[in-house]
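Contents: one structure, followed by commentary.
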Amino acid sequence: MFLYIYVDYLALYKPGFLDDLLAGTVHEFDTGPTFVAIALTLMAIPILMILLSVTLPARVNRTINLVVATLYIPVSMFNAAGETWTYSYFYGLSIGLEVLLLAFILRSAWNWPRRTA
């Protein structure tokens, strides 16, 4: 979750990003109500996963972790679409870390105990 937030925050320092943001675009998407709702949803899911991972029963927790981690790998990789090579190391490192962590979550959830002890 923190990687998503920090990547978005650090992207503010990229030259021209704030100009595009003030003009109402992010990655060529208009920053209208739909964009903001989708962005909030994409941030809310990892936040909720922290709570759900400690409160849900093992079987449900396993299933939700498998689904969310599988869906977030392409979401993470989409962040690099259309970026210039100048910032490829920044996005490469951040996306690499995100995908590695999501792969760890997938592996852990796959090996999760099927029932409680």
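Some notes on this structure:
- Among the listed values (1) 31, 16, 10; (2) 43, 17, 7; (3) 19, 17, 14, the one matching semi-axes √(5λ) of the Cα gyration tensor in Å as calculated from this structure is (1).
- Cβ-Cβ FRET estimate between Met1 and Ser88, R0 fixed at 35 Å, reported to 0.05: 0.90
- Burial ordering of Ile38, Ile64, fewest other beta-carbon atoms within 10 Å first: Ile38, Ile64
- Normalised contact order of region 2-110, rounded percent, pairs of Cα under 8 Å and 6 or more residues apart: 27
- Chymotrypsin sites (Phe, Trp or Tyr not before Pro) lying in DSSP loop within region 1-87, provided at most 13 other Cβ fall within 10 Å: Tyr13
- Computed over the chain with a Gaussian network model linking Cα atoms closer than 10 Å, the most mobile of Ile47, Ile73, Ile95 is Ile47.
- Charge tally in the Cβ shell below 13 Å around Ala69, where Lys, Arg are +1 and Asp, Glu are -1, Ala69 excluded: +1
- Nonlocal amide H pairs with Thr25, under 5 Å, H built at 1.01 Å: Thr31
- Farthest toward the positive end of the dipole of region 2-110, out of Ala58, Leu106, Gly32, is the Cα of Ala58, where the dipole comes from beta carbon charges about the Cα centre.
- Given charges at beta-carbon only (K, R positive; D, E negative), |dipole| of region 2-110 in Debye: 660
- Under 14 Å, Cβ to Cβ, from Phe35 - net charge with Lys/Arg +1 and Asp/Glu -1: -4
Computed from the coordinates by the stated procedures, all read-outs in this text should not be read as laboratory data. Small disclaimer: the values here were computed from a predicted structure and weren't measured. Cβ coordinates were reconstructed from backbone atoms using ideal geometry, including for glycine residues, and neighbour counts include every protein chain displayed.
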